[in-house]
Each structure stands twice: as structure tokens, then as C-alpha cells.
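Notes for the one structure printed next.
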Amino acid sequence: MAFLEINNVSKKFGATEAVSDFNLQIEKGELVSFLGPSGCGKTTTLRMVAGFEMPTDGRIVMDGKDITDMPANQRDVGMVFQSYALFPNMTVAGNIGFGLKIMKKSAEETNQRTKEMLDLINMPEYAHRYPYQLSGGQQQRVALARALALRPDVLLLDEPLSALDAKIRVSLRAEIRDIQRKLGITAIYVTHDQEEALSLSDRVVVMNAGKMEQVGTPFQIYNFPETNFVASFVGTLNTAEAEVVDPARGLISMDGVQFVSADDLNGRKKGDKVRMSVRPERFNFADDQKKDNLLDCTIENITFLGSVVRIQVKIGKTVFNMDTFNNPFLELPKIGDNGQVTCSKEAVLVISH
Amino acid sequence: MKKINIWAWIILFIGMIYFFLPLISTLEFSMKMIKDRYTFEAFRVAFTDRVFFERFGYSVLWALLTITLSTLLVVPTAYWVHWKLPKARPFVEFVTLMPFVVPAVVLTFGFIRLYARPPFFLNDRPILLIAGYIILSLPYMFRAVDTGLRAIDVRTLTEAALSLGAGWGTILTQVIFPNLRVAILSGVFLTFAIVMGEFTFASLLAKPAFGPYMEEIGSMRAYTPQALSLVSFLLTWASIGLLQWIGRGRVQEQVAGAH
Ligand SMILES: Nc1ncnc2c1ncn2[C@@H]1O[C@H](COP(=O)(O)OP(=O)(O)O)[C@@H](O)[C@H]1O
Ligand SMILES: [Mg+2]
């Protein structure tokens with residue numbers, strides 16, 4: 001049995017179904033993130049685990065105990081909010097020690113634990129500051145320490161980095177992951193940022209319109225999207241309508257341009273409509289190496305993104321994005337040039353639905 | 001630029017005259033108790049009246065009680081409305097406006113009719129007076145607290161406290177009240193000023209409050225009431241000054257802390 005089980009949970013607000021039939025088993029020490037666009041039900045699901053919302057249907061089981069009807073303040077759950085939510089009238093130490101005081105821990109133990117937590121977040125000298133005297137990143141670290149001070153069984157984070165600058169976001173997300181690993185705490189991390197989800201999770205749950213689209217490791221989610229939504233939401237993806245030509249050999253045709261795919265086309269007939277997709281980084285120019293698919297193209301646009309150069313190539317009637325690493329010693333093609341791009345048959349994904 | 005400045009000063013000056021002229025003439029009149037001479041005789045008479053202190057003390061006591069009960073009523077209510085029933089806010093706000101909608105005379109007779117008969121028999125108890133005062137204080141207390149609650153993220157702070165194991169009592173006393181200190185104080189001082197000058201309730205319920213006393217004095221003497229109204233005016237100012245000083249003290253403490 002998994003440590004945290006969310007079984008067939010759904011939540012209705014009046015007529016709108018914010019979450020429908022959510023099922024997830026989370027192992028102890030695992031960090032699972034919920035990824036999806038705004039309004040897809042991530043926060044609602046998290047709030048049901050925290051006890052702030054009651055599921056309309058389904059059960060939530062933690063460590064073998066059904067907690068579905070347990071009040072929020074009796075659950076062994078720590079929570080970090082997007083807006084930090086530090087108590088403005090208390091110092092950093094007061095915030096971190098708040099839960100410990102409620103649990104009637106001795107002053108000695110409270111001080112000891114508070115100090116431990118301040119060390120954990122690398123802010124030992126900030127104990128007597130007030131929240132308004134801290135930067136956003138520091139406030140969020142204090143909020144993390146506050147949530148962890150009671151050593152909860154589960155840590156819930158609702159878009160903890162969304163209010164911060166890009167630079168701090170990257171460093172703090174590594175810090176959160178480090179701390180989570182060090183403490184071996186089970187965590188759910190809600191985000192709408194795919195890079196965040198992919199970079200720090202053991203598993204990712206991609207959600208759309210209240211439903212789970214796919215659950216898997218970041219590797220699986222990125223490389224083998226199972227639904228059209230996952231394919232288009234995670235990473236930049238080129239997708240196009242195509243038609244099955246020869247299911248046995250994996251041949252499909254996009255407006256007359258033939259592609260060969262390594263995906264299983266069993267059960268499909270010649271003439272079936274499918275959706276195909278190729279990640280931008282799977283295309284190369286065909287100069288040095290030719291792969292399974294060799295495609296004539298016209299250069300439509302070139303965008304310099306720093307380490308990566310994004311080139312838009314028109315294959316047949318469809319424009320695809322192609323990413324190449326920036327190489328200062330290699331000359332880029334010019335807009336309007338004709339050329340050839342190539343990609344392996346593994347790069348051509350046929351998405352089931 | 002210069003021109004705007006001059007106009008601003010002129011308008012300020014006119015405003016000041018409008019505001020201070022009545023005060024100054026009241027003061028001037030109150031000092032004319034002894035013929036052909038300016039003295040503070042009227043003030044001396046007012047302050048040596050034992051009844052003045054009795055009545056004043058009575059009203060201060062009930063004002064403090066009103067403030068305590070009104071705070072205990074309004075803060076949890078406004079908090080609950082913010083956290084759980086935001087849709088009920090317009091309704092609650094309307095209810096708090098009762099003293100502006102229903103005249104005090106009507107309210108008092110309503111009280112007496114309802115509570116002076118079985119099973120209450122409360123007609124002679126000061127509780128009716130307090131009840132009236134609390135209703136009078138509602139618009140000020142509710143608005144002040146409501147504004148204070150808007151300035152903090154009630155919902156998230158409550159949830160943060162809940163997730164740390166806090167119960168409602170702890171949340172109210174340790175998270176909500178401390179963050180509403182300045183807001184509550186502004187409601188408190190307005191309530192204080194209003195209760196100190198209140199006439200209708202106290203008079204109709206025949207209670208020895210300060211408001212009716214001012215009225216009695218006013219109909220009996222000429223100069224003392226002018227002195228008294230100035231004194232009560234100064235007291236109100238002192239209350240508001242105290243409020244601002246406390247509010248400013250907090251800001252300074254915060255700024256000083258930032259270094
Ligand atoms: N308290 C609520 N009352 C009514 N609708 C709500 C409430 N909370 C969330 N919703 C609705 O549920 C859906 C999911 O919201 P939410 O879980 O906050 O999404 P996300 O966190 O993924 O952005 C949205 O359509 C939202 O409008
Ligand atoms: Mg959300």
C-alpha cells in the first residue's frame with residue numbers, strides 16, 4: 001500500500017466539476033508534482049489533501065488511515081503557499097515556532113527545532129527579523145521551514161515559486177528538492193511551469209480540465225506523451241494531422257509528405273487519421289548525418305535564444321520548430337533557403353488520442 | 001508650480017477658519033462669565049462640580065464596556081464573513097448600518113417594548129444601554145475591522161495556521177487580533193467619542209450619563225456648557241491623537257527595525 005493514496009476523488013463546486021476521478025498512489029519520500037494550466041484543478045486537489053476542501057466523492061488515505069473527514073488542523077500535513085502567508089506580527093523565529101508552541105513543546109525543544117530549521121534554510125542570522133524585512137525568496141524559505149518544523153508526514157507546496165524572480169526560482173527549486181531529499185519527506189508540488197515540474201519531481205501528474213492526463217517520470221512525460229494535451233503542454237512540440245499509409249511499416253503521410261515512425265500502429269488501418277508530433281530538438285540538418293526521415297524544407301524564420309537557436313522550417317505545407325545548439329563556429333542558414341532536415345523514426349510520435 | 005502652492009495654502013486657510021472659528025468663539029464666550037474680564041471661571045465651575053465627574057466617569061465606564069463587547073462581537077463576525085461567507089458581506093454591512101437607518105428613539109422604544117416584559121424584565125438594567133451603544137458602534141467598528149481584514153490575506157493566513165495545528169481560538173487571538181490592532185483601535189476611539197456624547201439612549205432609559213448631563217447644564221446655565229462642550233471636544237481630539245500616536249509608533253518601530 002502506498003503512503004498517500006488519493007482514491008477516485010472528485011470535487012464539484014455547484015455545477016462545475018473542478019476535479020474528477022483523481023487517482024494517485026504516492027510512495028513515502030516521493031516528490032510528485034501536479035502540472036497543468038491555470039484552473040485545471042491542481043490547487044483544489046492539493047487542498048483536499050490538506051483538509052481545506054472536502055471531496056464530493058472518493059477517499060484520501062494517509063499511512064493506512066482514512067483522513068478524508070479529518071479536520072485540517074489534525075492532519076499531519078505541512079503547507080507552503082504561493083503568497084508565503086507568513087504571520088506578519090511574528091518574527092521569523094516566531095513563525096517557525098508557531099506550530100511547535102501549539103503542540104505544547106517545551107521552550108527548549110521549540111528553540112532547538114527553530115534553530116535547526118533556520119540552519120536547514122541557511123538563514124540562522126534572520127531569527128529576529130519580521131517578514132516585511134525579508135525578500136520574497138527569503139520569506140518563502142521561512143514558510144518552508146515553518147511547514148517542516150513539525151516534521152509532518154506530507155509536505156504540500158502550491159506554486160511556491162510563482163511569485164519570485166526567474167533567477168531565485170531556479171536556485172530555490174533546487175534548494176527545495178535538496179531539503180525534501182535530505183528529510184526524505186513525501187511531497188506534492190503544484191506548478192503550471194513544466195520546467196519546474198520536470199526538473200524536480202520523481203513523478204509528474206499532468207492535469208487538464210479537472211482530469212489526470214498522464215502520470216509518469218519526467219523522462220516518460222517528456223519523451224513519451226500519451227495524449228495530445230500532454231504532448232502540446234509539456235515542452236514545445238510540433239504536432240500535425242497525418243494519415244496512416246502502412247501500419248506494418250509505420251508509414252504515415254502528412255499532406256503527402258511521408259514519415260516513418262517507430263510507434264506501434266497496430267490496430268490502425270490505412271487511411272486512419274492520426275496526430276503526429278516531433279520535438280524540436282529531434283530535428284537536425286541533414287548535412288552531416290542522415291536518419292530515417294529525410295525531409296525537404298524551406299527556412300521560414302530563425303530565432304536566437306542563447307544556448308539554443310530555434311529555426312522554423314516548412315515541411316510540405318506545415319511549419320515545424322527545430323532547435324539546434326548554438327555553435328559560434330557554424331554558419332546559420334538564411335531565411336528563404338532550401339535545405340534538408342532529418343529525424344529518426346523514434347522521434348516521430350503517433351499520439352493515441 | 002508656485003501658483004498651485006499659494007492656492008493650496010489659501011484653501012487650507014479657509015478650511016481652518018471654517019473649522020476653528022466656532023471653536024474660538026465658543027471659547028471666547030465661555031471666558032466671559034465674569035463681566036468685562038476674560039477668565040476661566042466657567043471651566044473652574046464645571047470642573048468643581050462633583051456631578052460632572054460622576055457623570056463623566058459613568059459614561060467612560062460604559063464606553064469601555066461597550067468597546068470590549070463590541071470588539072468581541074464584531075471581530076469574530078467580520079473575520080468569519082471574510083473567511084467563510086464573503087457573499088454575506090453586503091448583508092452584514094447593511095445590518096451594521098442600523099443606527100443610520102432606524103432612529104435612536106425608535107430603537108430605544110423597541111428595546112423597552114421587547115425587553116421590559118416577561119421573560120426578560122430588563123427595563124431597569126444598564127444592559128439595555130450597552131445594547132444600544134453596541135448598535136451605535138457597529139458601523140464604525142465593522143468598517144474599521146473590515147478594512148483591516150482586507151489588508152491582510154485572511155484566508156491564507158487562517159489556512160497556514162490551521163495546517164500548523166491551530167484551533168479557532170488560537171487563530172483569533174494570535175493571528176487575527178494582533179494584525180488588526182490599528183484597525184480595531186480606530187473603531188474603538190470612534191466608539192468612545194460617540195458613547196461619550198450620546199444623548200438619546202441614556203436620556204430615554206434615564207441613565208446618569210454624560211450626554212444628558214451636558215443637556216441639563218445647557219438648559220440651566222449659560223457659560224458652563226460652552227466650557228464643557230470644549231472640554232468634550234478636546235477629549236475626542238485626545239482620543240484621535242492617541243490613536244494616531246499609537247499607529248505611528250508602530251510604523252516607526254517597523255522602519256527602525258529594518259536597519
Ligand atoms: N471555492 C471555489 N468555488 C467555486 N469554484 C472554485 C473554487 N475553487 C476553485 N474553483 C474552480 O475550480 C477549478 C479549479 O481551480 P483550481 O484548483 O484553483 O485550479 P488550479 O490550481 O489548477 O489553477 C476552477 O475552474 C475554479 O474556478
Ligand atoms: Mg492553483
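The values are calculated or read from the model by the stated rules, or taken from the named source; none is laboratory data. Since the structure is predicted, the reported quantities are computational estimates derived from the model, not experimental observations. FYI the Cβ positions are ideal-geometry reconstructions off the backbone, even for glycines, and counts take in every protein chain you see. Side chains included, ligands, DNA and RNA excluded: accessible areas come from the protein's heavy atoms. Shrake-Rupley method; radii C 1.70, N 1.55, O 1.52, S 1.80 Å.
So for chain A, taking the charge dipole from beta-carbon charges (+1 Lys/Arg, -1 Asp/Glu), which of A:Ala174, A:Phe304, A:Gln82 sits furthest toward the positive end? Projecting each Cα onto the dipole axis, the largest value belongs to A:Gln82.
Calculated mean residue ellipticity, 222 nm, chain B: -25500 deg cm²/dmol, from DSSP H runs (n ≥ 4) at -39500 (n - 2.57) each, averaged per residue and rounded to 500. Averaging the Cα positions of each part gives two centres, and for segment A:187-229 and segment A:140-163 these lie 21 Å apart.
What do you get when you divide the Cα radius of gyration of the protein assembly as shown by 2.2 N^0.38 Å, with N the number of residues?
Values: Rg = 35.5 Å, N = 612, 2.2 N^0.38 = 25.2 Å.
It is 1.41.
Of all the accessible heavy-atom surface of the protein assembly as shown, with the other protein chains kept in place and a 1.4 Å probe, what percent is carbon and sulfur? The C+S portion of the solvent-accessible surface of the protein assembly as shown is 59 percent. Using a simple spin-label model with pseudo-atoms 7 Å out from Cα toward Cβ, B:Arg113 and B:Arg50 lie 4.1 nm apart. Provide, for q = 0.21, 0.27, 0.29 Å⁻¹, the log10 of I(q)/I(0) from a solvent-free Debye sum over equal Cα point scatterers in segment A:214-280. Reported log10 I(q)/I(0), two decimals: -0.88, -1.17, -1.24. Look at the stretch B:150-156: the mean tally of other chain Cβ atoms within 10 Å of its residues' Cβ atoms is 3.
Between the beta carbons of B:Glu215 and B:Arg155, assuming R0 = 45 Å, the FRET efficiency works out to 0.40 to the nearest 0.05. Each Lys and Arg contributes +1 and each Asp and Glu -1, all at the Cβ; summed about the Cα centre of the protein assembly as shown, the dipole is approximately 2100 debye. The heavy atoms of B:Tyr58 offer some 50 square angstrom of accessible surface to a 1.4 angstrom probe.
The residues of chain A expose on average 46 square angstrom of accessible surface per residue, using a 1.4 Å probe on protein heavy atoms.
In the assembled protein chains, A:Asp246 presents an accessible area of approximately 40 Å² (probe radius 1.4 Å). Using equal-weight Cα scatterers in the Debye expression, the normalised intensity of segment A:1-74 in log10 at q = 0.12, 0.13, 0.17 Å⁻¹ is -0.30, -0.35, -0.61. Considering only the Cα atoms of segment B:98-181, their convex hull presents on average a projected area of 7.6 nm². Against the empirical 2.2 N^0.38 Å (N residues), segment A:250-322 has a Cα radius of gyration ratio of 1.23. Packing, as the average of other Cβ atoms within 10 Å across residues, places the peptides A:226-233, B:19-26 in the order A:226-233, B:19-26, highest first.
Remark: the A:Glu125-A:Asp264 segment gains 44.2 nm on full extension, using 0.36 nm per residue and subtracting the alpha carbon distance.
The convex hull defined by the C-alpha atoms of segment A:83-203 has an orientation-averaged projected area of 7.2 nm². In this simple spin-label approximation, A:Met70 and A:Ala2 carry label points 7 Å from Cα along the Cα→Cβ vector, and these lie 1.8 nm apart. Each eigenvalue of the Cα gyration tensor of segment B:17-70, multiplied by 5 and square-rooted, gives one semi-axis; in descending order these are 31, 18, 5 Å. Sorting the Cα pairs of segment B:194-233 by distance into bins of 5 Å, from 0 upward, gives 6, 26, 31, 22, 13, 1 percent per bin. Within the assembled protein chains, the solvent-accessible surface assigned to A:Glu27 is about 100 Å², based on a 1.4 Å probe. Please check: in the Gaussian network model of chain A (C-alpha springs, under 10 Å), which one of A:Gly216, A:Gly306, A:Gly36 has the largest mean-square fluctuation. The residue with the greatest mean-square fluctuation here is A:Gly306.
Taking every residue in A:204-210 and counting other chain Cβ atoms within 10 Å of its Cβ, the average works out to 0. Spread over its residues, the convex hull of the C-alpha atoms of segment B:40-258 is 150 Å³ per residue.
Ordering A:Leu237, A:Gly267, A:Phe283 by the projection of their Cα atoms onto the charge dipole of segment A:148-287, which places +1 on the Cβ of Lys and Arg and -1 on the Cβ of Asp and Glu, puts A:Gly267 at the extreme positive end.
Over segment A:133-192, the hull volume per residue, using the convex hull of the C-alpha atoms, is 79 Å³. Taking amide H positions as modeled 1.01 Å from N, with prolines and chain starts lacking one, the residues under 5 Å from A:Val204 and 5 or more places away or on another chain are A:Ser33, A:Gly216, A:Thr217. For the pair B:Leu23 and B:Ala206 in one chain, pulling the backbone fully straight at 0.36 nm per residue adds 62.9 nm over the alpha carbon distance.
Eigenvalues of the alpha-carbon gyration tensor of segment A:301-353, scaled by 5 and square-rooted, set the equivalent ellipsoid semi-axes at 23, 14, 11 angstrom, largest first. For the options B:Ala161, B:Ala227, B:Ala46, a Gaussian network treatment of chain B with springs between C-alpha atoms closer than 10 Å singles out B:Ala161 as fluctuating the most.
Can you check how the C-alpha radius of gyration of segment A:67-112 compares to 2.2 N^0.38 Å, as a plain ratio?
Taking N as the residue count of segment A:67-112, the ratio is 1.33.
Between A and B, buried accessible area from a 1.4 angstrom probe totals roughly 1900 Å², ignoring ligands, DNA and RNA. A convex hull fitted around the alpha carbon atoms of segment B:145-242 yields 117 Å³ per residue.
For chain A, take the alpha-carbon Rg, divide it by the Kirkwood Rh, and send me Rg/Rh.
My calculation puts Rg/Rh at 1.07.
In terms of packing, defined here as the mean over residues of other Cβ atoms within 10 angstrom, the peptides A:155-162, B:219-226 line up highest first as A:155-162, B:219-226. Cross-link partners of A:Lys105 among aspartates and glutamates, defined as those whose alpha carbon lies under 19 angstrom from its own and excluding same-chain residues fewer than eight positions apart: A:Asp76, A:Glu116, A:Asp153. Cα centroid separation, segment A:260-304 to segment B:76-110: 67 Å. 3J(HN,Hα) along segment A:271-281, derived from phi through the Karplus expression 6.51 cos²θ - 1.76 cosθ + 1.60 where θ = phi - 60°, amounts to x, 5, 7, 9, 10, 10, 8, 9, 5, x, 6 Hz, with x in place of Gly and Pro. Relative to the longest principal axis of the Cα atoms of chain B, helix B:126-151 runs at roughly 60 degrees. Step through the table entries A:Lys182/B:Lys84; A:Lys269/A:Lys317; A:Lys104/B:Lys87; A:Lys11/A:Lys182; A:Lys28/B:Lys87, compare each Cα-Cα distance with 29 Å, and write down the pairs that go over it. The answer is A:Lys182/B:Lys84; A:Lys104/B:Lys87; A:Lys11/A:Lys182; A:Lys28/B:Lys87.
Entry comment: accessible area of chain B is 57 Å² per residue, from protein heavy atoms only and a probe of 1.4 Å.
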